[in-house]
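Enquirer: Sharing a structure, written as structure tokens. Questions coming.
None of the figures in this text is laboratory data; all of them are computed from the coordinates on show. Keep in mind that this is a model prediction, so the values were computed, not measured. Cβ atoms come from the backbone with ideal geometry, glycine included; neighbour counts cover every protein chain shown.
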Amino acid sequence: MNHTVLLVDDDVNLLEALGRQLHGEPYRIITAQSGQEALAVLNDTSVDVVISDQEMPGMKGTQFLWQVKRAFPDAILFMLTGKATLRAATLAMNEVGVARFFVKPCNAVDLVLTIRQALQHRALTAFAKRLLKKVKQQDAILAFLEQESPGITQVKTDSRGIVRLDEDDPADCDALIEELRSWLGEKENGNGCGERVGR
């Protein structure tokens with residue numbers, strides 16, 4: 001799926017130059033000439049990356065990006081400026097959450113690579129969160145099984161490393177599976193314990 005990049009600058013020529021630099025990348029490019037105009041765009045459009053100038057009439061880039069961060073916390077924020085100062089950079093990164101500070105005129109290759117890397121990092125972070133959620137769900141299932149049948153989650157092997165199961169009543173296994181299915185809210189779709197391992 002293509003990502004959407006919003007470019008914000010009161011200089012039309014610079015917006016066109018940025019658009020040319022990103023030409024060929026799989027992005028939908030949207031432009032705005034002020035923070036107010038960009039906020040109106042964001043009311044109707046979901047964006048992945050916002051690149052904003054700092055010095056704009058009516059609203060500074062930091063003010064605009066701060067509002068974007070509050071409304072769209074997953075958006076990746078970059079700032080452009082012709083007057084790079086330590087104070088501005090500190091404010092943009094620490095208080096606004098800007099990922100990168102570019103000085104005009106920014107290098108085209110650097111801009112393209114930075115956007116790619118930021119999107120890849122966001123995708124990996126989202127994947128890690130989904131994976132962590134799944135692991136927690138699996139831990140809850142294992143905790144339930146251990147509570148119902150202490151020791152069931154422990155793997156026992158013989159001297160050759162072959163996994164062996166205790167000689168419990170198969171009916172007990174069937175009952176546990178039924179209880180687990182009920183707990184998970186699933187319908188029965190199996191045939192009980194099946195063949196025992198290592199017998």
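Enquirer: Taking H placed 1.01 Å from N in the peptide plane, check which residues at least 5 places from residue 100 or on another chain put their amide H under 5 Å from its amide H.
Expert: Amide H to amide H, under 5 Å and 5 or more residues apart or across chains, residue 100 pairs with 79.
Enquirer: Using a 10 Å cut-off around each Cβ, can you sort 159, 182, 52 from fewest to most neighbouring Cβ atoms?
Expert: On the way: 159 5, 182 11, 52 28.
Starting with the residue having the fewest Cβ neighbours, the order is 159, 182, 52.
Enquirer: To continue, here is another question. Extent of region 3-127 along each principal axis, from alpha carbon coordinates, in Å, largest to smallest?
Expert: Dimensions of region 3-127 along the principal axes of its Cα atoms: 36, 31, 29 Å.
Enquirer: Using the number of other C-beta atoms within 10 angstrom as an exposure proxy, rank 160, 181 with the fewest first. Walk me through the numbers on the way to the answer.
Expert: On the way: 160 6, 181 14.
Ordered by Cβ neighbours within 10 Å, fewest first: 160, 181.
Enquirer: Which net charge results for the neighbourhood of residue 71, defined as the other residues with beta-carbon distances under 15 angstrom from its beta-carbon, given Lys and Arg at +1 and Asp and Glu at -1? Kindly include the intermediate steps, with their values, before the conclusion.
Expert: Details: positive: 69, 70; negative: 44, 48, 74.
Net charge in that neighbourhood comes out at -1.
Enquirer: Using the number of other C-beta atoms within 10 angstrom as an exposure proxy, rank 102, 72 with the fewest first.
Expert: Values: 102 19, 72 15.
Fewest to most other Cβ atoms nearby, the residues stand as 72, 102.
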